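Peer 1: One structure coming up, written as structure tokens, with questions to follow.
The values are calculated or read from the model by the stated rules, or taken from the named source; none is laboratory data. Since the model is a prediction, treat every value here as computed from it, not as a measurement. Cβ: placed from backbone, ideal geometry, glycine included. Neighbour counts: every protein chain shown.
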Amino acid sequence: MTRRWWLPLVSLALASVLASCLSLTVGSASIALADVWAVLTGQGSELQQTLILELRLPRTLAAFVTGGLLAVAGALMQVLLRNPLADPYVLGLSGGAAVGALLAMLAGLGGLVVSGSAFAGALVATVLVFGLAHGTGSWTPSRLLLTGVVVAAGWGAIITLMLAISPAQRLPGMLYWLMGDLSYAGTPWLAMLLLALSCLLVIPLGRSLNVLARGPLQAAALGVAVQPLEWTVYVLASLLTAVAVTTAGSIGFVGLVVPHMLRLVLGNDQRLILPACALAGGTLLVLADTLARTVIAPEQLPVGVITALLGVPTFLYLLYRSR
């Protein structure tokens, strides 16, 4: 890393603070920044405390941690598969989580049961893809990728069937979950802890990940234990994706676009890219969720719609520049 490796991280941290302040002040009812600070320090009116502490602050934290989880998972998947088009959902984890969540919704359940079902579905998808890709021998990135694509297609067919047979009154909630929604997200303390621990874990592995990105043969020749490292990356990326999907549903493009943008600016050193992804992904999703809450206020859009509208032209521009 360069001598001033800390400069982009500090800049991204400041950007995340500014985005969070914007999210807390802007909405169907605007609140001055001084009033937000008063509420956070234990003052302010009862209405402001309810609006900030019970509604906007948990949602802002959930958006930040979800974006950070998806961006870090996307960067890890791109290293693991040696494929710049890989994203956190490429192996079908979101499909498994969606099936679990929709089953809970069809049963008339909600809240923690839906989140738990989504997490269980993501874990089932992880074990299924890894088991099928491994087979009777070792797996390769191409075999893992193809298996994930096929399994994701299967989950997609099951989701379509469930939507076709579900009662009409349950369809809006199911569709909002599939598009990504932070309306009912609580304060994700466990997800925040997981994101922090993941960044602390992958930074010491940064040198090995840099070599692994060049190919398994070169990594093995330079003394890297390739298979244990690949297993660690796969399990960690799957866990991050499962927690993100459990928190906010399927939100696309964050895990694909953010690592690309940062590599264009910061290079390809994973020791810098991975913590930067956590900050940039969280900042992007906080801004997208703020826009989703305000663009047609008091109505709200699913945040996944905003990330798709922002992600498609951004990714096309990145592809154009990379020619």
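Peer 1: From the list Gly180, Gly186, which one is buried (at least 20 other Cβ atoms within 10 Å of the Cβ), of a type outside the set (S, T, N, Q), in contact with a Pro (Cβ under 8 Å, 6 or more places away or on another chain) and at pLDDT below 85?
Peer 2: Gly180
Peer 1: So, one more: Going by the structure shown, is Leu193 without any contact (Cβ under 8 Å) to a residue 24 or more places away in the chain and closer than 15 Å to Leu69 by Cβ?
Peer 2: Working: without any contact (Cβ under 8 Å) to a residue 24 or more places away in the chain: yes; closer than 15 Å to Leu69 by Cβ: yes.
Yes, satisfied.
Peer 1: Going by what's in this entry, would Gly42 be described as part of a loop (DSSP other than H, G, I, E, B), over 23 Å from Leu178 (Cβ atoms) and not basic (Lys, Arg)?
Peer 2: Criteria met by Gly42.
Peer 1: Restricting the range 69-100 to residues that are part of a helix (DSSP H, G or I) and either touching a Cys at 6+ places or on another chain (Cβ under 7 Å) or on the phi > 0 side of the Ramachandran plot (or both), which is surrounded by the fewest Cβ atoms within 10 Å (Cβ to Cβ)?
Peer 2: Filtering the range 69-100 for residues part of a helix (DSSP H, G or I) gives 69-81, 93-100.
Retained after the next criterion (residues that are either touching a Cys at 6+ places or on another chain (Cβ under 7 Å) or on the phi > 0 side of the Ramachandran plot (or both)): 71-72, 75.
Numbers: Ala71: 35, Val72: 31, Ala75: 29.
Only one residue tops the list, namely Ala75.
Peer 1: Hey, another quick one. Filter the range 128-138 for residues that are at pLDDT below 85 and part of a helix (DSSP H, G or I); which is farthest from Trp155 (Cα to Cα)?
Peer 2: Of the range 128-138, the ones at pLDDT below 85 are 130-138.
Next cut, part of a helix (DSSP H, G or I) only: 130-134.
On the way: Phe130: 15, Gly131: 16, Leu132: 15, Ala133: 16, His134: 20 Å.
Within the range 128-138, the match that is farthest from Trp155 (Cα to Cα) is His134.
Peer 1: Would it be correct to say that Pro58 is part of a helix (DSSP H, G or I) and touching a residue at least 12 places away in the same chain (Cβ under 8 Å)?
Peer 2: The answer is yes for Pro58.
Peer 1: Looking at the range 258-305, which of its residues are among the β-branched types (Val, Ile, Thr), surrounded by fewer than 24 Cβ atoms within 10 Å (Cβ to Cβ) and over 21 Å from Val10 (Cα atoms)?
Peer 2: Across the range 258-305, the qualifying residues are Thr294, Val295, Ile296, Val305.
Peer 1: Let me ask something else. Can you tell me which condition Thr160 does not meet? The list is (1) over 20 Å from Leu91 (Cβ atoms); (2) at pLDDT 85 or above, and all the others hold.
Peer 2: The number of the failed condition is (1).
Peer 1: Taking the range 44-58 as the search range and keeping residues that are touching a helix residue (DSSP H, G or I) at 6+ places or on another chain (Cβ under 7 Å) and buried (at least 18 other Cβ atoms within 10 Å of the Cβ), which one is modelled with the lowest pLDDT?
Peer 2: Ranking the qualifying residues of the range 44-58, first place goes to Gly44.
Peer 1: Can you tell me which residue among Ser30, Ser11, Ser20, Ser16 is surrounded by fewer than 11 Cβ atoms within 10 Å (Cβ to Cβ) and not acidic (Asp, Glu)?
Peer 2: Sole residue among the options that is surrounded by fewer than 11 Cβ atoms within 10 Å (Cβ to Cβ) and not acidic (Asp, Glu): Ser30.
Peer 1: Starting from the range 27-52, keep only residues that are closer than 24 Å to Ala288 by Cβ, then list their pairs with residues that are among the small types (Gly, Ala, Ser) whose Cβ atoms are within a distance under 6 Å, requiring at least 6 positions of separation or different chains.
Peer 2: Ser28/Ala297
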